[in-house]
Amino acid sequence: MIAYAHPDDESFGLGGAIAKWVDAGVDVYLICATNGERGTVAPELLQGYNSIAELRLAELECAAQKLRLTEVFKLGYKDSGMMGSPTCEDSECLWQANVDEVTRRCVEIYREVQPHVVVTFNKYGGYGHPDHIAIQRAATKAFHLAGDANFVTGQPSYKPQKLYYSSIPKRQLQLGITMLRLRGIDPRKLGRNKDLDLVKILENVEPTHTNLDVSRYFTHWDEANQCHKSQLGGGPTWRMPLTLRRWFAPHQGFTRVVPAPAHNRVDETDLFAGVTVDARRQLQAAAD
Ligand SMILES: [Zn+2]
């Protein structure tokens, strides 16, 4: 179960990992908390759509098919836009939503799907986006509450086994910052709106415990990214050859939150290490 904020987070952030999991037979579910309406969209791409939200949800649908997601749960909050912008004050945006309400919705989804593993953003929301921070808080609270029988939703309680934050290996970020500086690009002012600060992202990186090798899945990953045409200006652009990319960024990193690691070092290559699958559910899956 991936709990993320915008249509494109799943592809830009975890496309390679999702492709790998699905290939291994894992059912991957996605919570997408907002409709992405604050994304900047070229007017010609809006043709045939009534709104940015409609376009972005259609792009998500395309990516969900490419990545073969089992199901997408759209929470329907308004995109808050970047931190400090007036759109963050909109009463219908995720940043203004009551965290208990968002948490409850996540608990209901966890109890329905019964995922073994939950993945969300780190506490800084990856790069500080308010929606990423909001869904991180709710998804994390929900992880602990879903197994609490006193938290009543009319469903049986269910505790997922592991909780992770997606992370970027520190070395990869440091290397990226150095390379940008060498090319005369300010790593603190990246992206279309110059509000992406790699140095701040690095300062807020949490330890990586799991390095998932996604290097065989770059093609799949790129196909899913291509679905989010309206956002590609702000998304990752891989202009380097595949061999160099395999050397530079072969891994997707994760911070293990539950069970808490004894040491802050990489000790896993798979999120499902140690996960036990209930025999009853295995029989059910075989019958399906
Ligand atoms: Zn996002």
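When PRO160 is evaluated against the numbered criteria (1) within 16 Å of the ligand (Cβ to nearest atom); (2) in a loop (DSSP other than H, G, I, E, B), which criterion, by number, is the only one it fails?
(1)
Checking the structure you have, find out if any residue of region 18-38 is more than 15 Å from the chain's Cα centre (by Cα) and within 16 Å of the ligand (Cβ to nearest atom).
Yes; the residues of region 18-38 include at least one that is more than 15 Å from the chain's Cα centre (by Cα) and within 16 Å of the ligand (Cβ to nearest atom).
Would you call PRO241 under 17 Å from the mean Cα position of the chain (by Cα), at pLDDT below 95, exposed (fewer than 14 other Cβ atoms within 10 Å of the Cβ) and of a type outside the set (Val, Ile, Thr)? Outline the logic, then answer.
Working: under 17 Å from the mean Cα position of the chain (by Cα): no; at pLDDT below 95: yes; exposed (fewer than 14 other Cβ atoms within 10 Å of the Cβ): yes; of a type outside the set (Val, Ile, Thr): yes.
Considered against the rule, which asks whether it is under 17 Å from the mean Cα position of the chain (by Cα), at pLDDT below 95, exposed (fewer than 14 other Cβ atoms within 10 Å of the Cβ) and of a type outside the set (Val, Ile, Thr), PRO241 comes out as no.
Scan GLY39, GLY25, GLY16 and give me the residue that is farther than 16 Å from VAL72 by Cα and at pLDDT below 95.
GLY39
Do you know which of the residues in region 27-37 that are in contact with a His (Cβ under 9 Å, 6 or more places away or on another chain), under 13 Å from SER80 (Cα atoms) and not β-branched (Val, Ile, Thr) is surrounded by the fewest Cβ atoms within 10 Å (Cβ to Cβ)? Steps first, please.
Filtering region 27-37 for residues in contact with a His (Cβ under 9 Å, 6 or more places away or on another chain) gives 32-36.
Going one step further and asking which of them are under 13 Å from SER80 (Cα atoms), we end up with 33-36.
Keeping just the survivors that are not β-branched (Val, Ile, Thr) gives 33, 35-36.
Values: ALA33: 28, ASN35: 24, GLY36: 26.
Checking each candidate, the answer is ASN35.
Residue under question is ASN264, and the condition is that it be assigned by TED's automatic domain parsing to the domain that holds GLY81, surrounded by fewer than 18 Cβ atoms within 10 Å (Cβ to Cβ) and not hydroxyl-bearing (Ser, Thr, Tyr); does it hold? Give the derivation first.
Values: assigned by TED's automatic domain parsing to the domain that holds GLY81: yes; surrounded by fewer than 18 Cβ atoms within 10 Å (Cβ to Cβ): yes; not hydroxyl-bearing (Ser, Thr, Tyr): yes.
Yes, satisfied.
Any chance region 126-144 includes a residue that's among the charged types (D, E, K, R) and either surrounded by 21 or more Cβ atoms within 10 Å (Cβ to Cβ) or over 21 Å from the mean Cα position of the chain (by Cα) (or both)?
Checking region 126-144: at least one residue is among the charged types (D, E, K, R) and either surrounded by 21 or more Cβ atoms within 10 Å (Cβ to Cβ) or over 21 Å from the mean Cα position of the chain (by Cα) (or both).
Taking ILE52 and the conditions (1) within 16 Å of the ligand (Cβ to nearest atom); (2) under 25 Å from THR140 (Cβ atoms), which numbered condition does it fall short on, given that it satisfies the others?
Here ILE52 clears every test but (2).
Tell me yes or no: at least one residue of region 207-214 is among the hydroxyl-bearing types (Ser, Thr, Tyr) and closer than 22 Å to GLU59 by Cβ. Even if it seems obvious, please write down each step before you answer.
The initial filter retains those residues of region 207-214 that are among the hydroxyl-bearing types (Ser, Thr, Tyr), namely 208, 210.
Restricting the remaining residues to those that are closer than 22 Å to GLU59 by Cβ gives none.
No: zero hits.
Which ones in region 112-137 are within 16 Å of the ligand (Cβ to nearest atom), over 16 Å from GLY253 (Cβ atoms) and part of a loop (DSSP other than H, G, I, E, B)?
If the condition is that a residue be within 16 Å of the ligand (Cβ to nearest atom), over 16 Å from GLY253 (Cβ atoms) and part of a loop (DSSP other than H, G, I, E, B), then HIS129 is the only one that fits.
The values are calculated or read from the model by the stated rules, or taken from the named source; none is laboratory data. Remember, predicted model here, so these are calculated numbers, not experimental data. Because the Cβ atoms are built from the backbone with ideal geometry, glycine has one as well, and the counts that use them run over all protein chains shown.
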